[in-house]
Structures are given as C-alpha cells and as structure tokens.
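Report on the following structure.
Bear in mind that the values in this text are calculations on the coordinates, not laboratory data. This is a predicted model, so every value here is computed, not measured. Because the Cβ atoms are built from the backbone with ideal geometry, glycine has one as well, and the counts that use them run over all protein chains shown.
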Amino acid sequence: MNFIPTKLEGCFILEPNIIRDERGYFMESFNARRFQDGIGKPINFVQDNQSYSSKGVLRGLHYQTGEHAQAKLVRVLEGEVLDVAIDIRPESDTYGQHITVLLSGENQKQFFIPRGFAHGFLVLSDTATFFYKCDNFYNKESEGGIIYNDPELNIDWQFPESDLIISEKDAILPQLKNARKAW
C-alpha cells in the first residue's frame, strides 16, 4: 500500500498493490499495522458503513462534532465517485480548503480523512457501492453538515447541478461560516 500525503495535513490517498493474473486480482485492502505506519498514528476503526447510490446522488457534506468526531477510511467497491474532504479544524492553516479524489472500483484507491473534516461524495457512474470505516461510533446529536454548493468553498463537482440528486436534509445544510463548530 502506497500512502500519498495531500495538501491537507492528515489526509492521505492510499494506492494498493494489486496482484493480477488470469484469474483476476488480489489485494490487501486493510492491514492495521501498515495503515498506522502509513499515516503515522494509531487508529482503531470501530464501525463499517456501506451505501449504494445512483448516478448524480450527492451525499454530504457531513461530519460529527466534539467527542463523537470521526476519522474515515473510504473506498468504492463498484462504480466511480468524486470524493471530497474539507478541513474544518479552526486552528488549521488549511481551514476551509478542500481536496477532491476520484475513487472507483477500477482504481481501488482509498482516501483517509482524519477527524476535523467534513466529507461528501458524488456518484459519477450509473451506480456505486461506497464503503467506509469509522474510528468512532455515529451519534445523531453530534451531526454537522455544510451545503454542497457553498460559494466560499467553490467545490467543482464536475457534474451539472441540475442533475444532482440530494436528500432534503442535505439540501438545507448551512454554509461553512454558519455551520455547527466541529470542536
């Protein structure tokens, strides 16, 4: 597994070592020791989540606050998504900045997003199965969110806005400047 640091401190793109032959392929998708060596700190994942969505579905931008904040290791099992992480750590030099990563069942890349980041993704293929590990349990009372089209964030979703499929809950999220504080 190759760990590639991003411009946002603590976020890493993970590229697997894939062994291919006439039967298909094999890869190690997670190894706790290698993962912790790769990101430089211990992580204990406690919850796995999976979603299935159609083209144009945008989920996010979500985070958990305070003691319920979550780090996530995300990947796509089938299909293709544009994955987005936004630094919402107030003390960070990159506060309010974001990174986008193309994740797919084809490239098998993973994206590690530490605590203190908002996260979302947009399905670019006909369908996608999205899988992620969390280092803390979900807590409804600690939910936070940011509207996907916040003009200050200026995220290029690489998709016509008129074709987006967004839940009612996500469509009314506040801009970052009015969002619930993460800490």
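For the reader, a short list of remarks on this structure follows.
- Measuring gaps between exposed loop sites in the chain (GluC sites (Glu not before Pro); DSSP loop; at most 15 other Cβ atoms within 10 Å), the longest gap, sites not included, is 29-90.
- Residue-wise HN-Hα couplings along the stretch 162-179, as the Karplus relation 6.51 cos²θ - 1.76 cosθ + 1.60 with θ = phi - 60° gives them from phi, are 5, 9, 6, 10, 10, 5, 4, 4, 6, 6, 10, 5, x, 6, 3, 5, 10, 6 Hz; Gly and Pro carry x.
- Each other residue within a Cβ distance under 9 Å of Tyr132 adds +1 if Lys or Arg and -1 if Asp or Glu, for a net charge of +2.
- Treating each Cα of the stretch 65-113 as one equal point scatterer and applying the Debye formula with no solvent, the log10 of I(q)/I(0) at q = 0.27 Å⁻¹ comes out as -1.00.
- Size of charge dipole - the chain - debye, nearest 20, with Cβ of Lys, Arg +1 and Asp, Glu -1, no other charges: 480
- Taking θ as phi - 60° and the Karplus parameters 6.51, -1.76 and 1.60, the scalar couplings of the stretch 84-95 work out to 10, 10, 10, 6, 10, 7, x, 8, 7, 5, 10, 3 Hz in sequence order, x denoting glycine and proline.
- The stretch 45-178: relative contact order in percent, alpha carbon pairs under 8 Å with at least 6 residues between: 39
- The string of couplings for the stretch 35-44 from the Karplus curve (6.51, -1.76, 1.60, θ = phi - 60°) is 5, 5, 5, x, 9, x, 7, x, 9, 10 Hz, one whole number per residue in order, with x for Gly and Pro.
- Ranked list, fewest to most other Cβ atoms within 10 Å of each Cβ, for Asp150, Asp135: Asp135, Asp150
- Footprinting exposure proxy for Cys134, Cys11 (fewest neighbouring C-beta atoms within 10 Å first): Cys134, Cys11
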